[in-house]
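> So that we are looking at the same thing, I have put the structure below in structure tokens.
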Amino acid sequence: MKTVGSPWGSTAPFMALLALGSGGCEPATNADSVEPECQGVPAQVAGTWVLSGTGSRSGCENDKLDTDRFDLSSAGIAVAQNGDTLQLAEASETFELFGTVAGSCLEFTTVEAVENDSIRYAWSARVTTDARRAQGSFSGSGPENCISSGTFTAEW
Amino acid sequence: MAPTPADAALLEPLTVLTFEHIENDRDLSVAFRRLLELELRKSVSVVPSPESVCGSADCAREAGVEIGARTVVYGSLIRLGSKLRVAAFASDVQTGKTSGVADLAIGSEEELDTAATRIAPVLIGDRANTTQTAELGTLTSKETDPDLRRGGDHGVVVRLGGVVPTNNGYSGANAGAEVGLSYAFETRNFLIEPRVAVRWNLNPSGADEFWEVPIEIGGYYIFGRGDVAPFAGGGVGIRYLSDRRERETVIGQTIQTRSIDPQQDDAWAFGGFLRGGIMVLRTYDVRLSLSLEYNISFVDLNGVTNPQALTAGVGVHF
């Protein structure tokens with residue numbers, strides 16, 4: 001398209017194409033599919049976390065571990081944050097935590113050794129506006145091939 | 001009791017004649033003579049006699065003189081249908097005086113040896129004269145085959161009782177009840193009792209629940225035969241147990257989950273028991289028993305090994 005009095009002169013067609021391309025003809029980038037709250041500066045979540053929640057467990061090899069409801073709690077977990085990366089403040093032989101923070105979106109994984117087995121949880125939460133807690137859901141596996149899920153709150 | 005040597009000397013030598021009989025019983029009479037000779041030889045000296053048949057005193061004295069005996073035994077063997085009547089006499093050959101008389105009725109020919117055993121001591125004066133006009137078949141049978149079968153009693157027993165678990169078995173309940181049905185075979189001092197029972201907990205509002213169905217047999221010794229008699233014993237058997245209780249499940253340490261769920265566990269198992277108590281009104285048709293029992297099952301249910309309980313109850317014996 002040609003524009004009159006355009007200061008771009010003979011480059012106008014090229015620029016027009018460029019403008020069109022930037023307007024939506026190119027494939028969407030990852031930044032476009034991310035929820036708005038998961039963008040921007042990562043929330044500051046470092047501290048001693050205490051988890052609480054409820055859930056259910058099923059599919060265990062030992063059916064005595066199946067339950068319609070359990071209460072979840074935790075000891076204080078010291079979590080360190082480096083930019084958008086989360087990890088334990090102190091390494092442990094029996095417990096691991098690693099995850100990311102994007103905006104107010106918190107995603108982390110815990111793995112705990114239990115006797116000759118392990119329990120793995122995947123946590124997903126939203127940090128509240130006061131940045132003192134996060135609320136979300138979790139899913140887990142183990143021990144004895146149990147499958148668990150529920151909701152939780154993390155406070156620090 | 002054998003006669004003294006002095007008594008025997010007065011009779012010796014002694015001879016036994018063939019008893020008077022009907023023609024068809026000659027062999028029987030000869031056999032009886034020999035049986036009697038065998039018995040008499042245990043106490044006195046016996047001289048053999050020819051096949052002389054005598055049923056009267058005079059005949060017997062003549063035969064005795066001819067044989068050279070001092071004492072002669074003679075008599076009659078009379079058949080009455082299948083039964084036999086044996087009359088035996090012992091007489092002094094010289095004086096004709098009768099020193100022994102035996103008169104027996106026996107039920108069958110097979111009892112002649114027993115008759116000879118009974119008659120022999122009478123003839124030589126070792127036992128008082130015996131006259132039995134009743135059926136000897138019954139008497140000799142009792143003498144030769146003592147009745148080993150003693151009387152006893154048997155009947156149904158219904159028992160009601162209470163159960164107190166002792167080692168956190170039986171769903172951890174504090175108390176339960178029992179209803180039992182058994183069949184008791186009771187003799188003077190022994191009682192054998194196969195039984196089946198049902199036990200359950202007395203906690204209708206709680207989540208904990210147990211059931212037990214023992215199928216057992218017990219044996220007991222009864223001390224005494226009066227109306228009040230203590231007894232003690234035990235037994236073994238199998239039982240079905242069901243244990244349902246709420247259990248707390250804790251998983252994890254850093255991140256911990258806790259849940260309380262009913263846990264159901266049941267199994268068949270071997271078991272045993274010890275029981276003691278008192279029988280009351282024992283001489284009556286309907287009797288009572290008060291008992292205390294310790295019971296153990298060899299199984300592991302809901303983490304409790306070998307659940308045990310005390311049971312106290314009252315039984316009515318019909």
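> Can you pull out the trypsin sites (Lys or Arg not before Pro) in segment A:84-156 whose DSSP state is coil and whose Cβ has at most 16 other Cβ atoms within 10 Å? All intermediate terms of the calculation are to be shown ahead of the outcome.
Working: sites: A:ARG120, A:ARG126, A:ARG132, A:ARG133; in loops: A:ARG132.
Of the trypsin sites (Lys or Arg not before Pro), the ones in loops of segment A:84-156 whose Cβ has at most 16 other Cβ atoms within 10 Å are A:ARG132.
> Roughly how many nanometres apart are two label points built 7 Å out from the Cα toward the Cβ at B:VAL179 and A:SER73?
4.5 nm
> Pairs of lysines 8 or more apart, or on different chains, with alpha carbons under 29 Å: count those in the protein assembly as shown, would you?
Numbers: B:LYS42/B:LYS83; B:LYS42/B:LYS97; B:LYS42/B:LYS142; B:LYS83/B:LYS142.
Counting lysine pairs in the protein assembly as shown gives 4.
> Further question: So what's the back-of-envelope 222 nm ellipticity for the protein assembly as shown, counting only DSSP H runs of four-plus at -39500 (n - 2.57) apiece and dividing by all residues, rounded to 500? Display every interim value, and only then the final one.
Details: 7 runs with 68 residues, N = 474.
That calculation yields -4000 deg cm²/dmol at 222 nm.
> Using 0.36 nm times the number of residues separating B:LEU274 and B:VAL198, minus their current alpha carbon distance, what extension gain do you get? List each step's numbers first, then the result.
Details: separation 76, 0.36 × 76 = 27.36 nm, distance 1.76 nm.
Taking 0.36 nm per residue and subtracting the Cα distance, the gain is 25.6 nm.
> Before anything else, pin down the relative contact order of chain B: Cα pairs under 8 Å, at least 6 apart, normalised by residue count, whole percent.
On the way: 801 pairs, mean separation 36.4, N = 318.
Reported as a whole number, the value is 11 percent.
> So, R0 is 25 Å and r is the distance between the beta-carbons of B:LEU80 and B:VAL47; what FRET efficiency does that work out to, to 0.05? Before the final figure, lay out the partial values.
Values: r = 32 Å, r/R0 = 1.28.
It comes out at approximately 0.20.
> Starting from the 7 Å offset along Cα-to-Cβ, what nm value, one decimal, do you get for the label separation of B:THR283 and B:LEU160?
2.9 nm
> Right, here's the next one. Determine, from the Cβ-Cβ distance of B:ARG188 and B:ASN168 and an R0 of 51 Å, the FRET efficiency 1/(1 + (r/R0)^6), rounded to the nearest 0.05. Each step should come with its number before you reach the end.
On the way: r = 42 Å, r/R0 = 0.82.
Given R0 = 51 Å and the Cβ-Cβ separation, E is 0.75.
> Once the Cβ-Cβ distance between B:ASN24 and B:LYS97 is put in as r, and R0 is 25 Å, what FRET efficiency do you end up with, to the nearest 0.05?
Numbers: r = 33 Å, r/R0 = 1.34.
Once rounded, the FRET efficiency stands at 0.15.
Every number here is computed from the coordinates shown, using simple stated rules; none is lab data. Please read all numbers here as calculations on a predicted model, not as lab measurements. As a convention, Cβ positions derive from the backbone with ideal geometry for all residues, glycine included, and neighbour counts pool all protein chains shown.
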